[in-house]
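Just so it is clear, none of the values below were taken in a lab; they were calculated from the coordinates. What you see is a predicted model, and the numbers here were worked out from it, not measured in a lab. Cβ atoms come from the backbone with ideal geometry, glycine included; neighbour counts cover every protein chain shown.
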Amino acid sequence: MDLNDLILSDNKWSVNGNFLMFKKLQNIPVCYIEDDIIYIFLDARIAKEIIRFTKSLMCKKLCFYFTTPKFSNPKGVENLEYEILYHYLFSYANSVFFYGFRKIDFDLIDNMVKWSEYSNTFHLVKSAFQAVNKKVQSKDWYPFTITKHYNYNEEIREDFNSLYRHIQISKIV
Amino acid sequence: MVKVIRDREYRRYVLEKKLYYRLEKLTYFTYSFYRFKGINGYTISKPIVSDYIGSDSYKIFKTISTTKFDSRDKTKYSPNGMYGRSSYDRSRKVKNTREYDKCEFFKLLKEYGLK
């Protein structure tokens, strides 16, 4: 498999070393290939392009997983498996990815469970889920007008209440 | 002298160039106690220009037209708009332009008493 075959019909896509890049002010890495599996960086900076790219991979019926954009840094990452699982769930809470993947009928959580089985890291899912869920359900109080303020909208918060059940079901299936 | 009309592609290029220049200034001082937190949810000690995409400063810098007092209200690099408002406007006397056709159309409306 070659990275040049994955380029979409646009002038802004290019290949630099082992990475496929998309230009938005600067070149931002999109994906790389390892053992005939495509790893896409779930980067919120180019969220629309990532959704468009996953749709093209779905049409080609290729095997792909997602990773954290931290991993594109040559410095490296500590606790890589946990960071990837955390970033899967953190991106799922992002409204652009949440509604974008729903629009193209792609299940991000199912992909996460498949990756955790592939790398034998399913035991880390629960701790990552608890950390992200705490962030999603958190609320602030305005001091003078006594009103709540959530960082995430109601639909995403309700989805996170039953998300761990969805993870367990997709593991069994 | 032939007047070159700036199209949409050119205006986008100028906006991107200006945006890059503004964001680059933010990278000069990165020694903050509260480190920069990008849109991906993790902190970065020494951010580069592409790390600022999606941040508040990126959105603010994109909407500002100019920072200079004399060109703040100008519609730069656009041929549309009122005559004489900016130096890039098309004249109404030049034929086969949208502005010329609009003037002719209003003249016809006045002739027939529709306006």
HN-Hα J in Hz across the stretch B:54-59 - Karplus 6.51, -1.76, 1.60, θ = phi - 60°, x for Gly and Pro: x, 7, 5, 5, 4, 5
Part-to-part distance (alpha-carbon centres) for the stretch A:12-56 and the stretch B:5-55, which is given in Å: 19 Å
Shielding of B:35-45 by partner chains, average beta-carbon count, 10 Å: 4
Peptide ranges B:52-60, A:107-115 listed from the most packed, as the mean C-beta count within 10 angstrom indicates: A:107-115, B:52-60
Inter-chain shielding of A:40-47 (mean C-beta neighbours from other protein chains, 10 Å cut-off): 4
Loop GluC sites (Glu not before Pro), the stretch A:46-84, which have at most 11 other Cβ atoms in a 10 Å radius of their Cβ (DSSP): A:E78
Protection proxy ranking of A:26-34, A:161-169 - average other beta-carbon atoms within 10 Å, highest first: A:26-34, A:161-169
Table column - 3J(HN,Hα) (Hz), the stretch B:107-115, Karplus curve with 6.51, -1.76, 1.60, x for Gly and Pro: 4, 4, 5, 5, 4, 8, x, 8, 9
Simple label model, 7 Å out from Cα along Cβ direction - A:K139 to A:L8, nm: 3.8 nm
Percent of beta bridges antiparallel (DSSP, the stretch A:1-77, rounded to nearest 5): 80 percent
